[in-house]
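Data block below; observations after.
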Amino acid sequence: MTAEQFSGSEASGRIPPGQRLVRGWPVSHYGPVPRFRPDRWNLRVFGATATGDHHDWNFDQLVDLPRTTVVADLHCASGPSSIGHEWYGIPAAAVLDLVPPAPDVTHIMAWAEYGYSANLRLGDFTSARTLMATHRNGEPLTAEHGFPLRLVVPHLFGYKGPKWLRGIEYMTADRRGFWEERGFHNIGDPWREQRYSYEEQEGDGPQPHGG
Ligand SMILES: Nc1nc2c(c(=O)[nH]1)N[C@H]1C(S)=C(S)[C@@H](COP(=O)(O)O)O[C@H]1N2
Ligand SMILES: [Mo]
């Protein structure tokens, strides 16, 4: 398939405004690639759980969780879009089933190694296509793409999907994550061009503190 056919047939109507199609799968993140230590690795669900207790899965326990496959595109808010990734992993909504949140939970913070974080509305996290991916195109994730686990939120910009995912924090109010604190849009819908925080509308961001 030529580049022209690729962009013409496969990509038309598929690339959000202001984005450019790139071939392959570029690597993009802030900071170093963490080393995976299986003996120390866990995925922790914490914060406002229904019981007040946190819950951990170690690496071996991940195999007991439900699985799903989702084909999705990846739009980086700095412009590049790579398309047609076949993600395989754990549906994010399963986390809520297995570790019920307190009734007043409205948002989650997805935490990665080294303190990278991304905040999501609960509905973005539990969306049918949101998953915690272990594989892409049938292969385990590579280290630079987030092995062993990364969050994929197909309907939002790439910064909403932490690679090297380690935690899900249930929150009863919204709070900005890593890029959301550094000028990126609190919601991050590429189709609505929600790229920068100065473009936020009333209600898109956390409520200002009172007093
Ligand atoms: N832990 C972590 N996850 C991250 C980032 C990061 O800096 N650290 N960058 C995000 C951004 S901005 C994008 S566009 C995607 C890029 O994913 P890729 O390198 O697999 O293309 O990872 C996201 N996940
Ligand atoms: Mo990005």
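The values are calculated or read from the model by the stated rules, or taken from the named source; none is laboratory data. Note that the coordinates shown come from a computational prediction; the quantities given were computed from them, not determined experimentally. Neighbour counts run over all protein chains shown; Cβ positions are idealised from the backbone, glycine included. Note: accessible area is taken over every heavy atom of the protein model, side chains too, but ligands, DNA and RNA are not part of it. Shrake-Rupley method; radii C 1.70, N 1.55, O 1.52, S 1.80 Å.
Of all residues in segment 113-129, those being near ligand 1 (Cβ under 9 Å from one of its atoms) and open to solvent by less than 20 Å² (accessible area, probe 1.4 Å) number 2.
For segment 159-174, check the following and say yes or no: at least one residue is crowded, with 20+ Cβ neighbours inside 10 Å, among the hydrophobic types (A, V, I, L, M, F, W, C), in contact with a His (Cβ under 6 Å, 6 or more places away or on another chain) and under 26 Å from Val33 (Cα atoms). No, segment 159-174 contains no residue that is crowded, with 20+ Cβ neighbours inside 10 Å, among the hydrophobic types (A, V, I, L, M, F, W, C), in contact with a His (Cβ under 6 Å, 6 or more places away or on another chain) and under 26 Å from Val33 (Cα atoms). Taken over segment 22-81, the residue count meeting the criterion of being among the hydroxyl-bearing types (Ser, Thr, Tyr), open to solvent by 60 Å² or more (accessible area, probe 1.4 Å) and in a strand (DSSP E or B) is 1. Among what's in segment 103-112 and is in contact with a Phe, Trp or Tyr (Cβ under 6 Å, 6 or more places away or on another chain) and part of a strand (DSSP E or B), pick the residue that is surrounded by the most Cβ atoms within 10 Å (Cβ to Cβ). Across segment 103-112, the extreme among qualifying residues is Ile108. On the stretch given as segment 134-153, residues that are closer than 16 Å to Ile83 by Cβ and open to solvent by 20 Å² or more (accessible area, probe 1.4 Å) total 2. On inspection, Gly183 passes the criterion of being more than 9 Å from ligand 1 (Cβ to nearest atom), small (Gly, Ala, Ser) and at positive phi. Of all the criteria given as (1) away from ligand 1 (no atom under 16 Å from the Cβ); (2) aromatic (Phe, Trp, Tyr); (3) touching a residue at least 60 places away in the same chain (Cβ under 8 Å), the one not satisfied by Trp57 is (3).
Conditions (1) assigned to a loop (DSSP other than H, G, I, E, B); (2) in contact (Cβ under 8 Å) with a residue 60 or more places away in the chain, marked per residue:
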residue	(1), (2)
Ala118	no, yes
Pro154	yes, yes
Lys163	yes, yes
Tyr170	no, yes
Arg175	yes, yes
Asn186	yes, yes
Glu202	yes, no
Gly205	yes, no
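Of the residues making up segment 125-152, just one is assigned to a strand (DSSP E or B) and small (Gly, Ala, Ser), namely Ala133.
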